[in-house]
Amino acid sequence: MFHRISSSLPSHLNLASAASMPDLRLLPVRTGLIINIFFFFFFFVTQILSCPDQQKQALLLFKASLLSTTNSPNTSISLFSSLDSWNSTSDCCQWDRVVCSSPDSRPRTVRGLNLYSLALRITDDPLPLDAKALVPLFTIRSLMLLDLSSNFFEGQISGAGFSNLSKMVSLNLMQNKFSGSIPPQFYCLRYLQLLDMSSNLLGGALTADVKLLGNLRVLKLDSNSLTGKLPDEIGDLKMLQKLSIRSNKFVGQIPASIVNLKSLEVLDMRDNQFTMGIPSDIWTLSNLTYLALSNNKLNGTIPTSIQKMENLKTLELQNNLLGQYIPRLLFDMKGLVDLLIGGNLMTWNSSITSLKPKCMLSRLSLKSCGLVGEVPEWISLQKGLNFLDLSENKLEGSFPLWLAEMNVGSIILSDNKLSGSLPPRLFESLSLSVLALSRNNFSGELPENMGDANSIMLLMLSGNNFSGRIPKSITKIHRLLLLDLSANRLSGDTFPVFDPGAFLSYIDYSSNEFSGEIPTTFPQQTRILSLSNNRFSGSFPKNLTNFTFLKHLDLHNNNISGELPDFLYENPTLQVLSLRNNSLAGLIPKGISKLSSLHILDLSSNNLVGEIPTEVGELKGMVETPRTASSLSENFFNIFIEFNDLIVNWKKSTLGLATRPSLDIYSLLDLSGNHFSGEIPASIGNLKGIKLLNLAYNNLSGHIPSSFGNLENVETLDLSHNKLSGSIPESLIKLQQLTVLDVSNNELSGKIPVGGQMDTMNTPSYYANNSGLCGIQIQQPCPEDEQPTKQAEEEEKQEVFSWIGAGIGFPAGFVFAVLIVYISGYFSPRTPRRRIFRRSTRRRQ
């Protein structure tokens, strides 16, 4: 071939040039070599531009670990769809939520993982994830950013694992369920600039080693259970710009070293237990724009030097122990936007009759500051005001028209002496979101145009003298979450019909003059419904089953009749059911055990009959002390909402348990004041979580179950006014929380148990009218105690008689013996009388 090609070459090409041509016989070999080089180069470049296989496998293992720690079916599809791009056939640098180094870097590595909110929320309760699933991530040593927020990981944080991530710059663990203490290895992450561990279950102390995090810009530890003092070494973090440790259990004085943080812009230490005063040199933090120290135990006064903080925009000092007059200088701080100083010991200086603030406030709280007279008119100058709290003062007069015209977002004037009717102009505002006017002297009918203020979320008008009907337009407020109209004089037997899909969750119509049948014209989202202390009558409506989210139903003090329907027990979410003081009759349905979340049941003062079903002892919510918080929070927009009390018979008196948080703490069972008969089911002893058990004023017979000794949390046990017989069980001495035991007016007999709290149950009236009871508690000796006493007295008498006999017999015997010796010696023929006398004399000597 070579020759054929060469013979065909042009003549002007000499051999030399021909010799310089490539050897075409080697062309296939060289082509293959080039292809191999090309593929090698492509593979090499691809490997450089792709994430390392080791890191890719670690990420895939992490995904697999997530799936293995959940029990939900179709987890990979329904819960972790954001990780669908994570597969073995693609480059992990192209995956969602993965950030790699720039393509120019050699080799490319995984630098950041945005793994926030991995699991989809398909129910109200978040899906818990096991913290052990994080283990594969600890092998990716190139990580600089890791965001695991809002995942609800459970378990302790692996300090050893995070110590491998020594290049970490930003670490976000917010809103999980991590427990334990802050791992000491965290303090060795010297490049760390952001550390957010807020909203977890962390405890223990923040140690002095925090000073090792010298590059830290942001430190957030909010909403945990951290304890102890804030270390002085916190002042060594000279680059810190944001320090937020609110809602913990820190104690002691605010460290003086805090003023060393000259770069600090945000300081949030709310909701702790800090004491002493505000550092006098805090004004030297010239970059500070946000200072929040509310809800602590700080005393002293507000430093006057605070007016030097020209960059300060937010000052929150409410709910402390700060005293003296409110400094007028605060209103001269031109940059101030939020001023929240209510709830202290400070009072308004009445000599200030006119005030022209130099600041333009957005939020103002002067709660419990001794304000008197009418609502201060200088507030009308604050044209940008969005939040106003003047509650717990002594304000009088009517609701100011100028305030109604300001379009303020939140108006809180509760616990004053304001009177008159509400101006309709107030409800023309499209900005109004919170209106709290509870416990004043307002009167008249509610304005018909209430529904025009369709941005209201919280409407609280309880404890006034409003009368008439509830305006139908109120149903137009689509954003309404909480409606409290309790303790007024409202009346009527027809009610506004809310859209079933509305957001309204808390409804309180209690303590009014409503009548007719129980209304059910509420949204399906209703969770707390209180209709107590009215004049409702009739039987239970079937529509109550529509409220599938209902947790609290209070209908006490009405005239509801009929039997307890089975459908009432078809709501597994119900936690509180109060039907006391009605006219209910019939039996307790056995289906009551279906109320698996119920931990407060009050059926007292009705006409219920029959035996108490054993299924009552199967109420799971009463087996353990309830700890699940209500899903309807009591804190909206930094406003604490005081829900109306649930009235119960507690410790022999009628009182109110605040709906939050007491209803999440206490577990009650009150069946008193009915006509129950038969024996008390032993299964009630399974209800270890209950604090009050009241079965008084019934016709119960038989013995007190010994299983009551298992009621380890019970504080009040009332079995009085029944027909119980037998003795009080010895097992009750195990009840260490018991403070009230009433078994009066029964047919009990025998000895009252001794030991434990039973020794303190010594109120005689609680045992009265039980002819056979005895014991030290009622100072009535028991027969079995008297017999040993008599026997001991007889033995004592015999012992005394023996000693008396000994006392008499010894001298008599001695004299008798001497007399015999003397006589025998005296008449002896062998011994002269004089010798015997001498011998006896020597013996005496």
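The values are calculated or read from the model by the stated rules, or taken from the named source; none is laboratory data. Quick caveat: nothing in here was measured; it's all calculated off a predicted structure. Neighbour counts run over all protein chains shown; Cβ positions are idealised from the backbone, glycine included. Quick note on the areas: whole protein, heavy atoms, side chains included, nothing else; ligands and nucleic acids left out. Shrake-Rupley method; radii C 1.70, N 1.55, O 1.52, S 1.80 Å.
Only residues that are out of contact with any His (no Cβ under 8 Å at 6 or more places or on another chain) and open to solvent by less than 10 Å² (accessible area, probe 1.4 Å) were counted across the stretch 719-741, and they come to 7. Set side by side, the residues SER561, SER583, SER539, SER578 differ, and just one is hydroxyl-bearing (Ser, Thr, Tyr) and more than 22 Å from LEU669 (Cα to Cα), which is SER539. Check the stretch 451-468 and report whether any residue there is open to solvent by 20 Å² or more (accessible area, probe 1.4 Å), among the hydrophobic types (A, V, I, L, M, F, W, C) and under 34 Å from the mean Cα position of the chain (by Cα). Yes, the stretch 451-468 contains at least one residue that is open to solvent by 20 Å² or more (accessible area, probe 1.4 Å), among the hydrophobic types (A, V, I, L, M, F, W, C) and under 34 Å from the mean Cα position of the chain (by Cα).
Does LEU480 qualify as being of a type in the set (A, V, I, L, M), farther than 25 Å from SER467 by Cβ and outside any helix (DSSP H, G or I)? For LEU480, the condition - of a type in the set (A, V, I, L, M), farther than 25 Å from SER467 by Cβ and outside any helix (DSSP H, G or I) - is not met.
Of the residues examined, ASP222 is one that is among the acidic types (Asp, Glu), touching a residue at least 40 places away in the same chain (Cβ under 8 Å) and not assigned by the TED database to the domain that holds TYR187.
Of the residues that sit in the stretch 281-307 and are in a helix (DSSP H, G or I) and hydrophobic (A, V, I, L, M, F, W, C), which one is farthest from LEU267 (Cα to Cα)? Only one residue tops the list, namely ILE306.
Cβ separations smaller than 7 Å between residues 6+ apart or across chains give the following pairs from the stretch 470-490 residues that are in contact (Cβ under 8 Å) with a residue 60 or more places away in the chain and within 21 Å of SER414 (Cβ to Cβ) to residues that are crowded, with 17+ Cβ neighbours inside 10 Å and of a type in the set (D, E, K, R): ASP484/ASP508; SER486/ASP508. Please find, within the stretch 123-163, the residue that is farthest from GLN193 (Cα to Cα) out of those that are in a helix (DSSP H, G or I) and not hydrophobic (A, V, I, L, M, F, W, C). It comes out as LYS132.
Within the stretch 298-308, not a single residue is touching an Asp or Glu at 6+ places or on another chain (Cβ under 9 Å), under 27 Å from GLY409 (Cα atoms) and open to solvent by 10 Å² or more (accessible area, probe 1.4 Å). So which of GLU448, GLU405 ends up being open to solvent by 40 Å² or more (accessible area, probe 1.4 Å), touching a residue at least 24 places away in the same chain (Cβ under 8 Å) and among the charged types (D, E, K, R)? Only one candidate passes the filter, namely GLU448. Given the options LYS167, LYS229, name the one that is surrounded by fewer than 20 Cβ atoms within 10 Å (Cβ to Cβ) and closer than 23 Å to THR284 by Cβ. It is LYS229. Scanning the stretch 356-365 finds one or more residues that are open to solvent by 50 Å² or more (accessible area, probe 1.4 Å), aliphatic (A, V, I, L, M) and assigned to a loop (DSSP other than H, G, I, E, B). Using the structure shown, decide if LYS249 is modelled with pLDDT of 95 or more, in contact with an Asp or Glu (Cβ under 7 Å, 6 or more places away or on another chain) and either outside the structural domain of GLU154 (by the TED database) or within 21 Å of ASN311 (Cα to Cα) (or both). Considered against the rule, which asks whether it is modelled with pLDDT of 95 or more, in contact with an Asp or Glu (Cβ under 7 Å, 6 or more places away or on another chain) and either outside the structural domain of GLU154 (by the TED database) or within 21 Å of ASN311 (Cα to Cα) (or both), LYS249 comes out as no.
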